Amino acid sequence: KKSENRLQEHMDVAEEDLKVINNAFDDIHLGMDGDSISMDAALSIHQQQQMLDERNNSWQQSRQRLGILKKLEKTPFFARLDFQEKGEPKKESVYIGLSSFTDEKDHFLVYDWRAPISSIYYDGKLGEVKYQTPDGEQSVDLFLKRQFLVDSGKIKAYFDTQETIGDQMLLEVLDGKSSTHMKGIVKTIQSEQNKIIRDTKSKLLFVQGAAGSGKTSAILQRIAFLLYRYRGTLTSSQVVMFAPNSLFNDYIKDVLPEMGEQNMVQMTYKQFLARRLPNLTVESLAQQFETVVDTDSKNIGKFVSDIEFFKILTNYSKLLGQSGMAFKDIKFQGKVFIPKEKIQEFYYSYGPQYNLGNRLDATVDRLVKMLHRKMGAEMRSNWVSERIENLDKEQLQALYNAADQEFKNGDEEKKFLARKIVAVTMQGVYKYIKHLRFLNVAGNYLNFLKAVPKIVDLEQRGITKEQWEEYTTNFV
C-alpha cells in the first residue's frame, strides 16, 4: 500500500506538471506577424517539448507500475523455492510472482517470473538443478518447490511438488472463469513452453503444435520475457505480431498488459502491406469469393496462385543474374542523374558466384559511392551558389554545426555550406538508392509473364496461348 500511495503521489505531480507545461505553450507568441517563429520562441518550444516528453514518460511508467502493484496486492506470489547455491553455507528462499517487488532497502521480497532464478520453478525437479543467467550457467540444490493459490491477498491453498507444475495447480487454474480474451497465465507454464520462452540462442524460432497446445501463450510470454531480458534496448513498440485476422488481435490484446508490459504492435499481414505498399491493392478473400469468373479466368487464377507458379518465379529470378533485369533511371531535379544503363552495367559486372541478393547489395554500394562523387561535383553547380546567396540568417544558423562556428576564410565557409545544402537536397536520391527504387519491378514481372509460356506447358493447365497473352496485356 505504501508503494501504491507513493506512486499515486508521483503520478499526481507528473500530471500537474503536464498541465503546467501545456499551459506554458499558450504563452509562446509568433513573431513577424505570424509568418515565422522567433529564435527565442523556437528555443522555448523545444525546451517545453522536452519537459513534456519527460513528464509524460514518467507518468506512463508510474501508471504502468501502479497497475502491477494493484495486481500484486491481490496475488503477490504464486510459488516459493528453497535452494542452496554451490559453495554457499546457507539455504535461500525466494518467492516468485507476476513482477519483482523490493523493500525500502531494495532487498527482493518477490522475484519476477522472468528472472533467471525463476526458471527452475518451471524446469527443475528437486535435487541438483541448472539454469541460465546472463553470466552463464549456474547450479543449485533445490529442496522445496511450493505452489500457492492466492486470492485477494489470502492464501487459499498450497501444494508441495517434485514435478515442474503440479496437477492440482493446473486443475485449479482450469476451474477458473472463462473469458472471451486470452489471459496471461504464467503460473502454469510447462517445461516445453519455458524452453521456447527463454531461448536466447536461436535467431529464428519456429513453434509447431496441435490446436490448443499453448503455442500462442508461449509466444506472448516469450515477448514478455524478451522485453524483461533486454529492457533498455528493446521496447514493445519494436515488436510486431502478425495475426490471421482482427478478431484474433482482439482476443490476445490483454495478455501483455496483464503481465506488466505495454502491448506490442498488432496487425494482420494485409494491414502491414497496406502501410508498406500503399499503392498496391490487395484483393481480400471475400472479394475473391464474390467475384464471378469464367472457366478461362479460373484456370489462370488457379495457376498463378499455386505454389508451382511461385517456384517458376523463383527459378526465373535466378536467370536474372545472367541477363534480363530491368532498371529505372535515377533522377535529380527532374533530370537523369544516373542512367539505367549504368546501373545495369554495375549489376552485371559481378561474377557468377553472386546471387540476386548479393548483386543488388553490391550494386547499391557502387551507386552510393557514385552518388558521393557526384555530390562533390554538384557542390560547384550554379544552383548551389544561388541557394547559398539566398540564405537568410535563421537558415544559415540551422546549417552551421554550432551557433558560433568559425571559418578560416569565405571560401571555406562557402564550401561547408555547399556540402550541407547538397547533402540535404540529395537525401531523397540516397533513399531512392537504398530502398532499391531503381528496380523496375513492374517491368521485371511483365517480362516474367511473357517468358512463362516458354518455361511451362500452359495447355496442360487448361490455358491457351491467346488467353495468357490477354492476361499479360491486362496486367500492363
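The values are calculated or read from the model by the stated rules, or taken from the named source; none is laboratory data. These numbers were taken from a predicted model, which means no experiment stands behind them. Glycine gets a Cβ as well: all are built from the backbone with ideal geometry, and neighbour counts include every protein chain shown.
Quick grid of which residues meet (1) assigned by TED's automatic domain parsing to the domain that holds Arg366; (2) in contact with a strand residue (DSSP E or B) (Cβ under 9 Å, 6 or more places away or on another chain); (3) closer than 19 Å to Val364 by Cβ; (4) exposed (fewer than 15 other Cβ atoms within 10 Å of the Cβ):
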{"site": "Tyr430", "(1), (2), (3), (4)": "yes, no, yes, no"}
{"site": "His435", "(1), (2), (3), (4)": "yes, no, yes, yes"}
{"site": "Ile455", "(1), (2), (3), (4)": "no, no, no, yes"}
{"site": "Glu459", "(1), (2), (3), (4)": "no, no, no, yes"}
{"site": "Ile463", "(1), (2), (3), (4)": "no, no, no, no"}
{"site": "Trp468", "(1), (2), (3), (4)": "no, no, no, no"}
{"site": "Tyr471", "(1), (2), (3), (4)": "no, no, no, no"}
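The residues listed here are Met241, Met267; of these, the one that is outside the structural domain of Ser118 (by TED's automatic domain parsing) and either assigned to a loop (DSSP other than H, G, I, E, B) or aliphatic (A, V, I, L, M) (or both) is Met267. Taking residues in the stretch 133-154 that are touching a residue at least 24 places away in the same chain (Cβ under 8 Å), and partners anywhere that are of a type in the set (Gly, Ala, Ser) and surrounded by 16 or more Cβ atoms within 10 Å (Cβ to Cβ), the pairs with Cβ atoms closer than 7 Å and at least 6 places apart or on different chains are Leu142/Gly124; Arg146/Ala79; Gln147/Ala79; Gln147/Gly166; Phe148/Ala79.
Checked against the criterion of being in contact with a strand residue (DSSP E or B) (Cβ under 8 Å, 6 or more places away or on another chain), under 19 Å from Ser191 (Cβ atoms) and surrounded by 14 or more Cβ atoms within 10 Å (Cβ to Cβ), the candidates Ser100, Ser119 yield just one match: Ser119.
Restricting the search to helices (runs of 4 or more DSSP H) fully inside the stretch 293-368 and requiring at least 2 residues that are modelled with pLDDT under 90 and basic (Lys, Arg) gives 295-304.
Residue check: is Asn444 within 30 Å of Thr314 (Cα to Cα), in contact with a Lys or Arg (Cβ under 6 Å, 6 or more places away or on another chain) and not hydrophobic (A, V, I, L, M, F, W, C)?
no
Residue count for the stretch 244-261 under the criterion of being assigned to a helix (DSSP H, G or I) and either within 21 Å of Arg114 (Cβ to Cβ) or without any contact (Cβ under 8 Å) to a residue 12 or more places away in the chain (or both): the result is 7. Here the strands (runs of 3 or more DSSP E) wholly within the stretch 79-119 that include at least 2 residues being acidic (Asp, Glu) are 79-85.
Please pick out the residue among Ala418, Ala398, Ala451 that is part of a helix (DSSP H, G or I) and modelled with pLDDT of 85 or more. Exactly one of Ala418, Ala398, Ala451 is part of a helix (DSSP H, G or I) and modelled with pLDDT of 85 or more, namely Ala451. Taking the criterion of being out of contact with any Asp or Glu (no Cβ under 7 Å at 6 or more places or on another chain), outside any helix (DSSP H, G or I), touching a residue at least 12 places away in the same chain (Cβ under 8 Å) and aromatic (Phe, Trp, Tyr), would at least one residue in the stretch 379-392 satisfy it? No. Checked against (1) of a type outside the set (A, V, I, L, M, F, W, C); (2) surrounded by 15 or more Cβ atoms within 10 Å (Cβ to Cβ); (3) in a loop (DSSP other than H, G, I, E, B), Glu413 passes all but a single condition, namely (3). Scanning the stretch 208-237 for residues that are closer than 22 Å to Ser118 by Cα, among the small types (Gly, Ala, Ser) and not in a helix (DSSP H, G or I) yields a total of 2.
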